[in-house]
Protein chains: 2
Amino acid sequence: MATEAEVIDGKAVAAAVRQELKEQVAQLKARYEVTPGLAVVLVGARKDSATYVRMKRKACEEIGVASFGCDLPEDTTQEELITRIREFNARRDVHGVLVQLPVPKHIDERAVLDAIDPQKDVDGLHPLNVAALSMGRAAQGAKRLAWAFDELDFHVPPTPQGCVELLDRSGVQIAGKRAVVLGRSNLVGIPTAMLLMKRDATVTIVHSRSTDVEEAVRAADIVVAAVGKAELVKGDWIKPGAVVIDVGINSVDDATKKAGYRMVGDVDFAAAKQRASKITPVPGGVGPMTVAMLMRNTVSGAARAAAAAGGSGGGAASAAAAASANGTAGAKRPAGDMDVGSASKVPSV
Amino acid sequence: MATEAEVIDGKAVAAAVRQELKEQVAQLKARYEVTPGLAVVLVGARKDSATYVRMKRKACEEIGVASFGCDLPEDTTQEELITRIREFNARRDVHGVLVQLPVPKHIDERAVLDAIDPQKDVDGLHPLNVAALSMGRAAQGAKRLAWAFDELDFHVPPTPQGCVELLDRSGVQIAGKRAVVLGRSNLVGIPTAMLLMKRDATVTIVHSRSTDVEEAVRAADIVVAAVGKAELVKGDWIKPGAVVIDVGINSVDDATKKAGYRMVGDVDFAAAKQRASKITPVPGGVGPMTVAMLMRNTVSGAARAAAAAGGSGGGAASAAAAASANGTAGAKRPAGDMDVGSASKVPSV
């Protein structure tokens, strides 16, 4: 408590990741003559969505990923949208397909996400990717997962991946630690909890119906807040020395700002900083990582596709190696037992 | 601590469920002229597997479900096995298909499970069922899930379902309680944690790499142990008044027994009974529920198929009503918010 927390600079980490990806893209081109491609589909004219789409296209440009835009009017039918998705699914120069959420109300989001080829589902929201994360399906027939992101053979949602990547690159040990995840959304809370569990943390998930949020946070070495409630987590809830990853982005009124508001996270940053050992700011923490991890999914997908197609450089292993040659050591870990007991001991009735 | 825990009689609860299912089967026959059918595929001659298969076929007989056996030799190829699964997938008189696990080593379990029609996957291990549990996909286009098992439109694995059913039928409130799940297997630990979370418990998952198992158990109102380690959970870890569901079945040497061993759970039953308010015994606790829940999945699957086929009685709603007419009130609950914050507040970058 004597010293302030180190502020984790998400912008700097994301920039480093993008630089690594840029080199990997160059290697993929050299080795396989493949340029990773990402299709970003936007339906309607939401301002926030348009901003996010622009950020994604800009990131593509920076690292050498081909970006395929597809802006559709608000009144696009579900059928039309799915037809466009299927066109991108079929293209060999497109390795990632994402539909910016939310889609207009007359479109069934689930039907849209289900239509994306799971191998191109760089947002990791297709049921087969969700199941793979839950089941810990191993890459390339391996029995155990190393859970190094660029060695997985499925897509993990970018924001949860960004949270774990920030921990890794900040030198935070996850295994054996107590983690609490606030929020149980399909986009962030549940996949983040799954990832931390796969990485051997003891994970508690709290949510709107939890009666003991404070107690759960107080016990945690790692706090991931993803509830979308401004400064819900008070500074004095944070265990001294804990690491805080704040996924929330909330606007609160602030007369001292020209805009009349400012952005804050789900954690009371100023107070938590007095107790945590490391903490992400809002903005500039998890936010920039999301786009970087989306880029990584796209590049990894292209590498897997290149390997599967044979390419000029050999099989899957060499493509994975090519794609991960510049990966961080922090993201790697040895494979380990995933369960306390062997399956044969738990009744398989 | 003054009084001993109530012992939850899994055999009696399972018998009551089977009786209800028997009546539902009769109603399905009367209304749709449909007899639910379950195909149980056994590869090889493992004695324990043969016993489990026999129990399942016997349960079918008791409640009026048609049972289709398929016993294959140990050296059956993966291709042959998958061919048999596809035959059952195609049959209109078969509503449930399960392959008794484990399969022989030369067969890829995952490929086999993936081959089962998700709608007939009564063990709930197909990726689409795993994803549906994780994502909380609502039945029949509903936006929120009630999580009454016989109203879901996908299959939840029987053992986790049995754990929650035992809690429901013992009058245990799950919402708002702290639950700990010991074990993170795909068969039991993870799906049980998911179910308890969907039912609004605050859930902590502990496992072999957890450094604080005792502390996590001490904090829990509901303890589900599924690690396959004899009496790992000590009696004095149990919070006074907590409810203990013991999924483990372990044999320990016991010279006083004729067989030279006895079966115990993952919890020290005698000691835990002095502190818990309710506790399941081993054997006779969760074990019998697994088969009963498998039967329920089969009957529910038949009801959904009958409704989808039109039948003589109307649409899905009436089939569900027919199938659940005798369901317990305890298993129902009103729909509620699934997340702390709305999706729009968590960054959808």
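Output the Cα-based Rg and Dmax of chain A in Å, rounding Rg to one decimal and Dmax to a whole number.
Cα radius of gyration and Dmax of chain A are 20.3, 64 Å respectively.
How much length would be gained if the chain were fully extended between residue B:106 and residue B:30, taking 0.36 nm per residue of separation minus their Cα-Cα distance, in nm to one decimal?
Using 0.36 nm per residue and subtracting the Cα-Cα distance, I get 22.9 nm.
Please give the FRET efficiency for residue A:236 paired with residue A:92, using the beta carbon to beta carbon distance and R0 = 35 Å, rounded to the nearest 0.05.
It comes to 0.05.
With helices defined as uninterrupted DSSP H runs, which ones in chain A have an alpha carbon span along their own long axis of at least 15 Å and mean Kyte-Doolittle hydropathy of at least 0.5?
Once both thresholds are applied, what remains is A:286-308.
Please give every one of the aspartates and glutamates within straight-line cross-link reach of residue B:11, meaning a C-alpha to C-alpha distance under 13 Å, and leave out same-chain neighbours fewer than 8 residues apart.
Result set, ordered by chain and number: B:165.
For residue A:99, which sequence-distant residues (separation of 5 or more, or a different chain) have an amide H within less than 5 Å of its own amide H, given hydrogens modelled in the peptide plane?
A:41
Pick out which of A:198, A:105, A:120 has the largest mean-square fluctuation in a Gaussian network model of chain A, springs linking Cα atoms closer than 10 Å.
Among A:198, A:105, A:120, the largest mean-square fluctuation in the Gaussian network model of chain A belongs to A:105.
DSSP beta bridges in the range B:156-288, what fraction antiparallel, as a percent rounded to 5?
20 percent
About the Cα centre, and with charges only on the beta carbon of Lys, Arg (+1) and Asp, Glu (-1), how big is the dipole of chain B? Nearest 20 debye, please.
Its charge dipole is roughly 500 debye.
Measuring label to label, 7 Å along Cα→Cβ, what does residue B:71 give against each other copy in nm, shortest first?
Reported distances to equivalent positions: 6.8 nm.
If you average the sequence gap of Cα pairs under 8 Å that are 6 or more apart and divide by the length of the range B:156-288, what percent do you get for the contact order?
21 percent
Counting other beta carbons within 10 Å of each Cβ, put B:106, B:126, B:95 in order, fewest first.
The order, fewest Cβ neighbours first, is B:106, B:126, B:95.
Take every DSSP beta bridge with both residues inside chain A and express the antiparallel ones as a percent of the total, to the nearest 5.
10 percent
Set the bar at 30 Å for Cα to Cα. Now go through A:278/B:234; A:56/A:278; A:239/B:239; B:29/B:278; B:58/B:198 and name every pair that lies beyond it.
In this structure, A:278/B:234; B:29/B:278; B:58/B:198 exceed 30 Å between Cα atoms.
Please report, in whole Å³, the volume per residue of the convex hull around the C-alpha atoms of the protein assembly as shown.
Considering the Cα atoms of the protein assembly as shown, their hull volume per residue is 164 Å³.
Mean 1/r over all different Cα pairs, inverted: what Kirkwood radius does the range B:156-288 give, in Å?
After inverting the mean inverse Cα-Cα distance, the result is 14.5 Å.
Which FRET efficiency value, to the nearest 0.05, is calculated for residue A:79 and residue B:253 with the Förster distance at 56 angstrom and r the Cβ-Cβ distance?
In this case the efficiency is close to 0.30.
Counting only helical runs of four or more DSSP H residues, what would the 222 nm mean residue ellipticity of chain B come to if each run contributes -39,500 (n - 2.57) and the total is spread over all its residues?
It comes out at -12000 deg cm²/dmol, rounded to the nearest 500.
Got a sec? How would A:56, B:47 order by Cβ neighbour count within 10 Å, fewest to most?
Arranged by neighbour count, lowest to highest, A:56, B:47 become B:47, A:56.
Which ³J(HN,Hα) values in Hz, rounded to whole numbers, follow from the phi angles of the range A:267-280 under the Karplus curve 6.51 cos²θ - 1.76 cosθ + 1.60, where θ = phi - 60° and Gly and Pro get x?
Karplus values, whole Hz, x for Gly and Pro: 10, 6, 4, 4, 6, 5, 4, 6, 10, 5, 8, 9, 8, 8.
Which ordering of B:114, B:254, B:121 is given by a fewest-first count of other beta-carbon atoms within 10 Å?
B:254, B:114, B:121
List the lysines whose Cα lies under 21 Å from the Cα of residue B:258, skipping any in the same chain that are fewer than 8 positions away.
B:47
With the convex hull built on the Cα atoms of the range A:228-313, state its orientation-averaged projected area in nm².
Spelled out: convex hull of the Cα atoms, projected over all directions, averaged, 8.6 nm².
Treating only the Cβ atoms of Lys and Arg (+1) and Asp and Glu (-1) as charged, compute the dipole magnitude of the protein assembly as shown about its Cα centre; round to the nearest 20 debye.
Using Cβ point charges on Lys, Arg, Asp and Glu, the protein assembly as shown gives about 240 debye.
Over chain B, what relative contact order in percent results from Cα pairs under 8 Å that are six or more residues apart?
Result for chain B is 22 percent.
Residue B:15 label points, 7 Å along Cα→Cβ, one per copy: pairwise distances from this copy to the rest in nm, shortest first?
7.2
Which distances, shortest first and in nm, link residue A:57 to the matching position in the other copies, using label points set 7 Å out along Cα to C-beta?
6.4
Checking a compactness column here: for the range A:25-73, what do you get for Rg(Cα) / (2.2 N^0.38 Å), N being the number of residues?
The value comes to 1.33.
What's the extension gain from residue B:309 to residue B:274 if we count 0.36 nm per residue and subtract their Cα-Cα distance?
This chain segment gains 7.3 nm when fully extended.
Using the basic label-point model (7 angstrom from Cα toward the beta carbon), what is the residue A:261 to residue B:57 distance in nanometres?
6.6 nm
If you count, for every residue in B:236-249, the Cβ atoms of partner chains within 10 Å of its Cβ, what is the mean?
Averaged over the peptide's residues, the number is 1.
Report, in cubic angstrom per residue, the convex hull volume of the C-alpha atoms of the range A:151-197.
83 Å³
Coordinate-derived values only; no laboratory data. Just so it is clear, the model here is predicted, and its values are computed rather than measured. Cβ atoms come from the backbone with ideal geometry, glycine included; neighbour counts cover every protein chain shown.
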